[in-house]
1. Can you give the Kirkwood hydrodynamic radius of region 187-295 from its Cα pairs, in Å with one decimal?
2. Spelling out what I want: for every residue of region 425-432, take phi, set θ = phi - 60°, compute 6.51 cos²θ - 1.76 cosθ + 1.60 (Karplus), and round to whole Hz; glycine and proline get x.
3. Once ligands and nucleic acids are excluded and a 1.4 Å probe is used, how much of K318 is accessible, expressed in Å² to the nearest 10?
4. If I compute solvent accessible area with a 1.4 Å probe over the protein chains, what percent of it on region 300-479 is carbon and sulfur?
5. So how do 225-237, 253-265, 347-359 stack up, highest first, on mean other-Cβ count within 10 Å?
6. Divide the volume of the convex hull of the Cα atoms of region 300-479 by its number of residues and quote the answer in cubic angstrom per residue.
7. Any chance you could look up the accessible area of V241 with a 1.4 Å probe, heavy atoms only, rounded to 10 Å²?
8. Normalised by the number of residues in region 300-479, what is the relative contact order in percent for Cα pairs under 8 Å and 6+ residues apart?
Amino acid sequence: MLAYLPRPPTDTSRYGTFPQKPDLPAAPGALVEDGGQQAAATAAKRSAPMPNYPSAPRRSGFVPGEPSLPPSRGSLTTQHHRGRPSWCPPPAPPDAGARLYPLHALSVANIPNSARGKTSARSSTIPTPEGLQSRRCKLLDEDSPMVQAGKRQRQRYVTKVGKCQVNLGNIQDKKRFLSDIFTTIVDLKYRWFLFVFMMCYIITWVVFGFIYFFDAWVRGDVGHQGDPEWQVCIENVDGFVSALLLSVESQRTIGYGTRMVTANCAEGVILLMAQSIVGSMIDAMMVGCMFVKISRPKKRAQTLIFSKNCVISRRDEKLCLMFRVGDLRESHMVDAKIRAKLIKSRQTAEGEFIPLEQSELNLGYDTGEDRLFLVEPQIICHVINHHSPFWDMSAESLRRDQFEIIIILEGIVEATGNRRLAAGMTCQARTSYTEDEILWGYRFEPCMSLEKGAFQVDYSRFEMTFEVQTPAASAKELHELKELEQQEHSTLSLYWDHLLQPC
């Protein structure tokens with residue numbers, strides 16, 4: 001839930017660097033004998049004016065809006081890596097970019113107390129050893145909140161393959177699942193579904209086999225096997241195994257002819273009728289569940305693909321958010337519809353916190369553009385206007401905001417055989433885009449061409465984008481700038497007409 005809270009603004013006036021520590025002496029092993037002379041030199045250098053830094057009173061901690069400098073013990077190096085002390089080894093080239101850190105988060109208090117106390121005590125008398133330097137640099141790198149936030153994996157509401165990352169728990173009234181037993185069985189995983197499928201038949205066979213054996217044992221058919229004068233109710237049943245075989249043969253209508261129920265007993269006939277009815281009900285339910293489980297259009301969504309990234313660029317002089325959808329099968333979707341949801345947490349004016357609030361993104365449902373004829377890959381466009389939640393979003397605010405866009409594509413699976421069986425099979429494909437997967441100032445490359453009298457789709461170019469010139473301002477700022485230019489143009493036109501009026 002906290003992953004969708006808005007990020008703090010990246011204003012450079014509120015950010016600073018780690019305290020810059022001076023370079024170490026050339027001889028690390030040399031000890032300073034006279035502590036008083038060193039303290040005097042330190043006080044003199046502290047009182048000396050620092051170049052390129054405003055003078056400020058020294059306090060414990062950082063001063064907001066001003067760089068904080070520790071006491072210097074040697075020559076101050078003016079060129080330091082941003083965000084690292086001078087006594088730390090230089091980082092790798094990929095991490096050499098500028099990194100801004102909040103001033104309240106860069107306190108050296110993030111280092112454990114034991115390590116910080118030993119370091120401060122040692123630095124007052126002798127230079128810090130190289131091993132302790134590397135340890136301190138590692139602690140600074142690992143304890144910084146920006147690095148910890150980057151290490152944490154972003155929790156998505158919906159995965160890229162369309163699986164919802166929501167787990168339901170503490171359900172008290174679970175008997176509701178038994179009232180809809182058909183849907184409950186169909187929603188089971190295949191291993192549990194096959195287990196239920198087999199157990200329904202095995203249990204009924206065993207139960208009715210036990211009843212057959214008990215009836216034959218009570219009537220004495222088991223003890224009078226081979227007696228021609230005995231009126232047998234159930235023939236050739238001399239044990240539980242033979243009774244179980246009779247149950248299987250009766251329910252599955254195998255009928256080998258060696259074991260059977262005769263007309264000498266009414267309870268045997270009633271028992272056979274009851275097993276036939278129960279077996280027909282189990283066949284109807286289990287075969288129906290198996291058919292629905294296999295023919296569910298859920299797997300049809302695997303051939304509906306979405307682009308990996310969203311792009312934001314201008315189309316028809318309007319700032320638009322776009323993504324691409326495609327169908328890999330030749331049997332197309334019927335009455336395909338697409339819609340989008342924005343998942344974002346916010347706080348109301350009354351102070352109420354709404355976690356993961358869902359808002360609608362207009363993909364053309366008012367004009368009918370959300371109904372797709374999905375024969376070739378199509379680019380879906382969301383116009384960022386004053387009704388859009390991205391009206392105030394710029395390229396800079398996109399980097400510090402946190403949200404998730406859920407895309408839902410629905411349609412009816414086209415009939416490939418019997419239309420009565422395929423009717424009503426609605427397929428739904430889902431995906432999601434986070435703020436890190438939105439490219440500002442890009443467009444999708446075309447993936448269609450005309451070859452040999454037909455249009456050819458090249459799905460290897462489905463994900464390809466190219467950069468275009470796009471202003472980094474928000475749609476609101478662009479709209480206000482356009483209105484201002486129109487007002488200036490109209491004012492200039494009136495002034496020019498006034499000058500030409502005497503002529």
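1. Value: 15.1 Å, from the Cα pair sum.
2. With coefficients 6.51, -1.76 and 1.60, one gets 8, 8, 10, 9, 10, 10, 7, 8 Hz.
3. 110
4. 47
5. 225-237, 253-265, 347-359
6. Enclosed volume per residue, from the Cα hull, is 154 Å³.
7. Near enough 100 Å² of accessible area.
8. 27
The values are calculated or read from the model by the stated rules, or taken from the named source; none is laboratory data. What you see is a predicted model; the values in this text were computed from it and never measured. Cβ coordinates were reconstructed from backbone atoms using ideal geometry, including for glycine residues, and neighbour counts include every protein chain displayed. In case anyone asks, the SASA skips ligands and DNA or RNA and just uses the protein heavy atoms, side chains included. Shrake-Rupley method; radii C 1.70, N 1.55, O 1.52, S 1.80 Å.
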